[in-house]
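Read through the structure below, which is laid out as structure tokens, and then see the notes.
The values are calculated or read from the model by the stated rules, or taken from the named source; none is laboratory data. Treat the numbers as computed from the prediction; the structure is a model and nothing was measured. Using ideal geometry, Cβ is built from the backbone for each residue, glycine included, and neighbour counts are taken over all protein chains shown. Ligands, DNA and RNA are excluded from the accessible area calculation, which covers all protein heavy atoms including side chains. Shrake-Rupley method; radii C 1.70, N 1.55, O 1.52, S 1.80 Å.
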Amino acid sequence: MGTPWHWHPATLPAGLPWPWSATAWGGWTRPWRRPEKAAGLLPGHGPAWATLADLLRRRERMDEAGVAYAHLAAQPGLDATLAADAENGLGLVARHKGQFDEAAAHWHRAATLDPTYVGPWSNLGNMRVGQAQWHAARAALDRALALDPAHGGARMDMALCLRHLGDIDGAEAALRQVLAQTDAKAQLATDARFNLARLLLLRGPSAEAWDLHEARWRASSFPSVRRSFPLPVWQGDSLLGRTLLLWGEQGLGDEILFASQVPDLAAGLSDSVRAAGTRVMLECDARLVPLFARSFPAVTVVGRPKDNDGTDPRTADATAQLPTGSLARFCRPSLNRFGGARPFLKADPAKVAFWSDRLAALGPGLKVGLCWTSGLITADRAGGYTTLASWLPLARLPGVHLVNLQYNRAAVATEMASAQGVGMVLADWPDLDLRDDLDGVAALIAALDLVVTAATSVGEMAAALGTPTWRLSNPKDDWSALGTRVRPWYPAMRVAAPAPGESAIDIITRLVKELAALATPPNHPALPSLADALALHQAGRANEAEAAYRRLLAEGPQAGTERGDALHLLGLLLHQAGRPADAEPLLRQAVTEDFGFAQAWNSLGAVLLALGQRDAAADAWRTALRLEPGYDKPAANLARLGV
């Protein structure tokens, strides 16, 4: 192979390694084909140093790349194009090191040196997107796309930027432009399909959205790994005589969310269908097996190996497979198909009784479970979580006993000790493993009066069990809200969303005020009847009527026509009080719990119109008419709307 080439140290700038090793480069090559050799021989040759710097950066040897870019930038008489390349590269190195202001300064210099260079503006826009500086990002991306309208990366970043600025139509158009580009790189097109799916789901489920959602497995940002079962993917056709293997995907909360559709399939497994050899198997996180097996008795539930490799022997007879996140294409293709959603998990009755006794020992009052943060906080999710100290006002409410549901005890031990030091009482039983004993956790949650949670798997489990659940999240940013102000997968969940300009602390303050009205103080007055609440409503005593309706919803029957009427009437009251945003989730819940409630659909239409959602209002009124063809009010509303 010949003698390895070495450079004399004097030909390289300080900071670059000497000598270049065979190990680092995967073996020696002919000297004249090596960019580092050219740079060493020609220390004043700009193109050689530009090539070397880019190569080092792509190999993530950022310190060395920075030295090479700096050497390039210092060349006397360097032409503007190479000088701009050097500044752009220095900006990339600075960003990698977290030096964001320095990176921006380099990119501005690069754009000044070469006004036709799209790279600096695209890189600056991408960095501002990562920093959630949406207006600054849009300004930079506008410059990039003015120079190169076909720049797919900048167009993708612009879509994300527009979405966060509230321009959903603009974001959709940007993603469709990326997909329309015939020269778009395969990964870029895949990411665009996945992002478009999530964007469309923010407006509501549709066939196109769920079809695009299948691109998730190849998307750059998708966290789950596709299992490699050697079976054909089920396409929604007849299962008679076949065995379908469903397998859970993503995190624990997602497994629970998507499992809400398993009863849809299990409902078709009659004795005669089973006798024909039809089976459904569900592979899930091993911690969920006891809970899922009890909740889905018609389905065979097996645990997933911890290393995500291998299979349970019972799956060997499967003839088709499907990840549970793909079930919605067949079970929930439109929002109307969520109308029959019900609590679908069943806790162990004996364990529920055990935890009910433990909770009763805390004394009279509401037993409220609290989960305030996640075990996995990413940059784009951080704003949805709180500290335990933020909930101190709730802990001070008379008639409320807080119960710890925060599963990562070790990580929050300091927080819990500090909260206890300022008088915050948080009931916690270390003999229950909140992370791994999920069957025990389900029993504790089922025995509670209410669960208040950030966006975590705790909230998914609580709502799936039917325990009233208040979840802190913003439906506008949550694809699983499916264009509503609730989460239609769970009739027991209420979403506590921020009003414009509100922080998480502001939301907590609101929730504390509401819970204060529900808590059981000494000499707690008798529960009002629905007629009592309606009389207050009709008498114009709005505040008292609202409190009465809310008490009925919290303490009265958790199912049936009286609950539906209370949801409907409270929604009407809030709409009449000029609070349509607060009314919508209540009316959504009313029609979710009773899809045939035509009057609630009519009221929902009025609220949606007040919120500026004209098409959605018309759809609600049409649904009311389909349910009750002779109903004059929705007909009149549609006539006034001119549709």
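Looking at GLU283, is it open to solvent by less than 50 Å² (accessible area, probe 1.4 Å), at pLDDT 90 or above, farther than 21 Å from GLY153 by Cβ and in contact with a Phe, Trp or Tyr (Cβ under 7 Å, 6 or more places away or on another chain)? Outline the logic, then answer.
Values: open to solvent by less than 50 Å² (accessible area, probe 1.4 Å): yes; at pLDDT 90 or above: yes; farther than 21 Å from GLY153 by Cβ: yes; in contact with a Phe, Trp or Tyr (Cβ under 7 Å, 6 or more places away or on another chain): yes.
So GLU283 passes the test.
When you go through (1) more than 27 Å from ALA189 (Cβ to Cβ); (2) not in a helix (DSSP H, G or I) one by one for THR116, which number turns out not to apply?
Against the list (1) more than 27 Å from ALA189 (Cβ to Cβ); (2) not in a helix (DSSP H, G or I), THR116 comes up short only on (1).
Among the residues that make up region 519-532, is at least one of them in contact with a Phe, Trp or Tyr (Cβ under 8 Å, 6 or more places away or on another chain) and modelled with pLDDT under 90? Spell out how you get there, then give the answer.
Of all residues in region 519-532, those in contact with a Phe, Trp or Tyr (Cβ under 8 Å, 6 or more places away or on another chain) come to none.
The answer is no; no qualifying residue exists.
Among the residues of region 286-301, write down those that are surrounded by fewer than 20 Cβ atoms within 10 Å (Cβ to Cβ) and farther than 16 Å from ASP437 by Cα. So that I can check it myself, show each step before the final result.
Our first condition is that a residue be surrounded by fewer than 20 Cβ atoms within 10 Å (Cβ to Cβ); within region 286-301, this holds for 286-287, 289-290, 293-294, 297-298, 300.
PRO297, ALA298, THR300, listed by residue number.
Give the residues of region 293-311 that are among the small types (Gly, Ala, Ser) and modelled with pLDDT of 95 or more, sorted by residue number.
Applying the first criterion (among the small types (Gly, Ala, Ser)) to region 293-311 yields 293, 295, 298, 303, 310.
Matches in region 293-311: ALA293, SER295.
Quickly run through region 603-643 and pick out the residues that are open to solvent by 20 Å² or more (accessible area, probe 1.4 Å), under 19 Å from PRO585 (Cβ atoms), touching a helix residue (DSSP H, G or I) at 6+ places or on another chain (Cβ under 7 Å) and outside any loop (DSSP other than H, G, I, E, B).
Correct list: ALA606, LEU609, ALA610, ALA616.
Here's the yes/no breakdown for (1) at pLDDT 95 or above; (2) in contact with a Pro (Cβ under 7 Å, 6 or more places away or on another chain); (3) more than 26 Å from ALA413 (Cα to Cα):
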| residue | (1), (2), (3) |
| --- | --- |
| ALA266 | no, no, yes |
| ALA276 | no, no, yes |
| ARG287 | yes, no, no |
| PRO313 | no, no, yes |
| PRO333 | no, yes, yes |
| GLY339 | no, no, yes |
| PRO349 | yes, no, yes |
| LEU376 | no, no, no |
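How many residues are touching a Gly at 6+ places or on another chain (Cβ under 6 Å) and closer than 21 Å to LEU345 by Cβ if we restrict to region 405-444? Steps first, please.
From region 405-444, those touching a Gly at 6+ places or on another chain (Cβ under 6 Å) are 405, 408, 432; that's our starting set.
So of that shortlist, the ones also closer than 21 Å to LEU345 by Cβ come out as 405, 432.
Residues in region 405-444 being touching a Gly at 6+ places or on another chain (Cβ under 6 Å) and closer than 21 Å to LEU345 by Cβ: 2 in total.
Residues that are open to solvent by 20 Å² or more (accessible area, probe 1.4 Å) and modelled with pLDDT of 90 or more: does region 399-413 have at least one?
There is at least one residue in region 399-413 that is open to solvent by 20 Å² or more (accessible area, probe 1.4 Å) and modelled with pLDDT of 90 or more.
Against the conditions (1) of a type outside the set (A, V, I, L, M); (2) within 17 Å of the chain's Cα centre (by Cα); (3) closer than 30 Å to ALA361 by Cα; (4) open to solvent by 10 Å² or more (accessible area, probe 1.4 Å), where does PRO475 fall short? Just the number, please.
(3)
If we only count helices (runs of 4 or more DSSP H) wholly inside region 162-222, which ones have 1 or more residues that are in contact with a Phe, Trp or Tyr (Cβ under 6 Å, 6 or more places away or on another chain) and at pLDDT 95 or above? It would help to see each step written out before you state the result.
Details: elements: 168-180, 186-201, 207-213.
Fully inside region 162-222 and qualifying: 186-201.
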